[in-house]
Every structure is written in structure tokens, then in C-alpha cells.
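One structure below.
The values are calculated or read from the model by the stated rules, or taken from the named source; none is laboratory data. Computed from a prediction, not measured in an experiment: that's the story for all the values here. Ideal geometry is used to build each Cβ from the backbone, glycine not excepted, and the neighbour counts take in all protein chains shown.
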Amino acid sequence: MKRRAFLGTVGSLGSLGVIGYTSRSPVETLEIRFWLSEQAATYDGVPDRIREYLQLAFDLEFWTLEVSFGGTVPVSTEDGANVTIHGEWPSRVVAGYFGRGEITPVADVNLLVTDGQMRTAPTGYGIPHIASVGGARHIAELEPVEFGDRYDVVPYRTPERVMQVLVHEAGHALGLNHDHGVTFRKGDAVAASPMLSAYAWDPEYDGDRSSCGTVYPETDDLGRKLTFSFSACAQRRLEGYQGGFTRK
Ligand SMILES: [Zn+2]
């Protein structure tokens, strides 16, 4: 799609009115649907892992969560950020809302997972109701989520970091920002929640507390850990989420 056409699409997306943005208050059912690029679909277990970890992060007490797999979509780039920034994925989702094209979007989060690189930011991107992220080959290396486990804190390893970025981008799609995230001491390590994620250790990130006022501990000489659980601050924001797209 040419850039001008994309800007028109995103312009109308920004105003949201044209495609039936409505307020559903309170949201009773939160819908997250994910798709895979053709390259992402070549790895075993990726849809199962994405479903499991999205449920782990987003199955919160104030809504019923519906996570679904939308299938495989051909895209022109595996770059998990550019496929949204350059408009390709948002255009697909918006076309779907109008009943055109191959995909059937859902109201709340429409997430594309590609096999893009996960070393250099940006590795994913999220705008209202639409997100994308790379890293399918790393997701394939994750252990399955076992029923009953809490996963309060997990090691800072590439597969876990990649899955936390996936949760992070889905969080952006629901209106969360980086300062809804927190860090906290866990033994001799500092653990970062999904919205702060690796920014916790980025010297260029200048926030020292969450938007709810929780001050981040010093990270010097401490190990790194991650959690898939949203902070209380992020959960309060999610509880106030008032809905997304509807098809008229
Ligand atoms: Zn972010």
C-alpha cells in the first residue's frame, strides 16, 4: 500500500468513529485474536504457546477472556514493528472491519506474530486494538504453561523476553503505556512487569516510577527477571477499558 493511502487509513483509524468505535461499559468479554505470518507458521507449537501465555497475562477477574487463532496471513515483511508502522497490518485489520479481505478482526486486540528479529528495538508495535511482534522462532522454544502454575517471576531469557514483548504490545493495543509497568525486587534480582519490560534496564528510559507512583528499585549489580503478570497499576487501567471496535 502506498504511504498516502496508509495515512488515510490510519487517519480514519485514529478518529475511530468511521469504523464503529463504541464504548462498551463495562466490558464483559475481552477478545484477543492472533494471526501468524507464513514464516512464523513454520514452527511447531507457536499458536499453543501464544494462546497459553496470553491467557496467563490477560485472564483477569473483571472480564471473560476469549483468545482465538485467526490463521496464517501473507505479509510482505517479517519485521514485527514495520509491518504495523508502515501500515500493512493495520490496513488488513481495517479492511476486515469493513468486511473486505481475508481476516475477521475482533473488538479488542488484533495481534500479528511474525518471525522478525528481536535484538534491536523496535521489535513490535501496538496502536489501539492492533499490534504486531516478531520472534516466532523464540516462542517455539518456550515451555508450555502448565495448569495451576503462577509464573510470578521467570528467568530473563530470550524466549521469555520475546513472549513478554508480545504481551507488552497487546497491552499497548488496550491503551497501556510503559509507565503502567513496574519493577520490583525478587531475591538478588529485579523483575520487570510487561509494560516496563526491558526499559527497566535501558539507560535512555528516564522514568523512575509508575504512573501510579510506585518507585522503581535500583537495578545496579542485580540480576534480571521478568513477569507476565500486569502490575496493579496496569490492571486498574485495564479494568477501566471501555471497549473497542464493533462491526455495524
Ligand atoms: Zn512499548
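Any idea which of (1) among the aliphatic types (A, V, I, L, M); (2) closer than 25 Å to Gly244 by Cα; (3) touching a strand residue (DSSP E or B) at 6+ places or on another chain (Cβ under 6 Å) is the one Met163 doesn't satisfy?
Failed condition: (3).
What pairs can you find where one residue is in segment 163-175 and under 16 Å from Ala121 (Cα atoms), the other is within 11 Å of the ligand (Cβ to nearest atom) and among the polar types (S, T, N, Q), and their Cβ atoms are less than 8 Å apart, with a gap of 6+ or different chains?
Close Cβ pairs (under 8 Å, with a partner that is within 11 Å of the ligand (Cβ to nearest atom) and among the polar types (S, T, N, Q)) amount to Gln164/Ser197; Val165/Thr123; Val165/Ser197; His168/Ser197.
Within segment 78-105, count every residue that is crowded, with 24+ Cβ neighbours inside 10 Å, under 16 Å from Ser68 (Cα atoms) and hydrophobic (A, V, I, L, M, F, W, C).
Selection size over segment 78-105: 1.
Keeping to segment 176-191, report how many residues are within 12 Å of the ligand (Cβ to nearest atom) and surrounded by 17 or more Cβ atoms within 10 Å (Cβ to Cβ).
Selection size over segment 176-191: 5.
Considering only segment 187-195, I want to know if a residue exists there that is part of a helix (DSSP H, G or I), farther than 10 Å from Arg224 by Cα and touching a residue at least 60 places away in the same chain (Cβ under 8 Å).
no
Just checking, which of Phe245, Phe228 is crowded, with 16+ Cβ neighbours inside 10 Å, touching a strand residue (DSSP E or B) at 6+ places or on another chain (Cβ under 8 Å) and at pLDDT below 95?
Working: Phe228 fails: at pLDDT below 95.
None of the other options fit; the residue is Phe245.
Considering only residues that are in contact with a helix residue (DSSP H, G or I) (Cβ under 8 Å, 6 or more places away or on another chain) and either farther than 18 Å from Leu166 by Cβ or not in a loop (DSSP other than H, G, I, E, B) (or both), which ones fall in segment 215-232?
Tyr216, Thr219, Arg224, Leu226
Looking at segment 196-205 only, could you name the residues that are within 13 Å of the ligand (Cβ to nearest atom) and part of a helix (DSSP H, G or I)? Give the derivation first.
Initially, segment 196-205 is screened for residues within 13 Å of the ligand (Cβ to nearest atom), giving 196-200, 202, 205.
Ser197, Ala198, Tyr199, Ala200 - these are the residues of segment 196-205 that are within 13 Å of the ligand (Cβ to nearest atom) and part of a helix (DSSP H, G or I).
Test Gln235 against the criterion of being of a type in the set (S, T, N, Q) and either within 16 Å of the ligand (Cβ to nearest atom) or part of a loop (DSSP other than H, G, I, E, B) (or both), and give yes or no.
Values: of a type in the set (S, T, N, Q): yes; either within 16 Å of the ligand (Cβ to nearest atom) or part of a loop (DSSP other than H, G, I, E, B) (or both): no.
The answer is no for Gln235.
Just the residues that are within 20 Å of Val46 (Cα to Cα) and more than 16 Å from the ligand (Cβ to nearest atom), please, taken from segment 120-148.
Correct list: Ala136, Arg137, His138, Ile139, Ala140, Glu141, Leu142, Glu143, Pro144, Val145, Glu146, Phe147.
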